[in-house]
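Data first, discussion second: the structure below is written as structure tokens.
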Amino acid sequence: MVQLRVLEILKEQGHTKYWLYKRMDMSYQNFNKMVTNGTSSIRFDNIDRLSSILGVPVGELFIQADDTTQLKE
């Protein structure tokens, strides 16, 4: 399963989830589902926005994990 590693990147950079939320220009409910891997699809423009705001290549936003692995918040 492919998962976003946004929370891990935020921690590495010393930013909070709230910091990113304020920059993403989307509802908190959708934002939270996206960054906690609670959704099955993500729009390309949101991926592009995440990459730009966090200053990382798109490929670094994702991790390939087996179905039993959960990323920690």
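Some points to look at:
- Computing FRET efficiency as 1/(1 + (r/R0)^6) for D25 and D66, where r is the C-beta to C-beta distance and R0 is 35 Å, gives about 0.60.
- Under the criterion of Cα pairs below 8 Å and six or more residues apart, the relative contact order for the chain equals 54 percent.
- Taking all C-alpha pairs of the chain, those more than 15 Å from each other amount to 50 percent.
- Kirkwood hydrodynamic radius over Cα pairs of the stretch 20-61, then Stokes diffusion coefficient at 4 °C and 1.567 mPa s, in µm²/s: 123
- Computed from the Cβ-Cβ distance with R0 of 25 Å, the FRET efficiency linking K11 to R43 stands at 0.55.
- Heavy-atom accessible surface of the stretch 1-49: percent carbon and sulfur, 1.4 Å: 49
- Estimated dipole of the chain in Debye, rounded to 20 [Cβ of Lys and Arg +1, of Asp and Glu -1, Cα centre]: 280
- Per residue accessible area of the stretch 1-41, 1.4 Å probe, in Å²: 63
The values are calculated or read from the model by the stated rules, or taken from the named source; none is laboratory data. Remember, it's a predicted structure, so these values are computed and weren't measured experimentally. Neighbour counts run over all protein chains shown; Cβ positions are idealised from the backbone, glycine included. Each accessible area value is taken on the protein alone, full model and side chains, heavy atoms only, with ligands, DNA and RNA left out. Shrake-Rupley method; radii C 1.70, N 1.55, O 1.52, S 1.80 Å.
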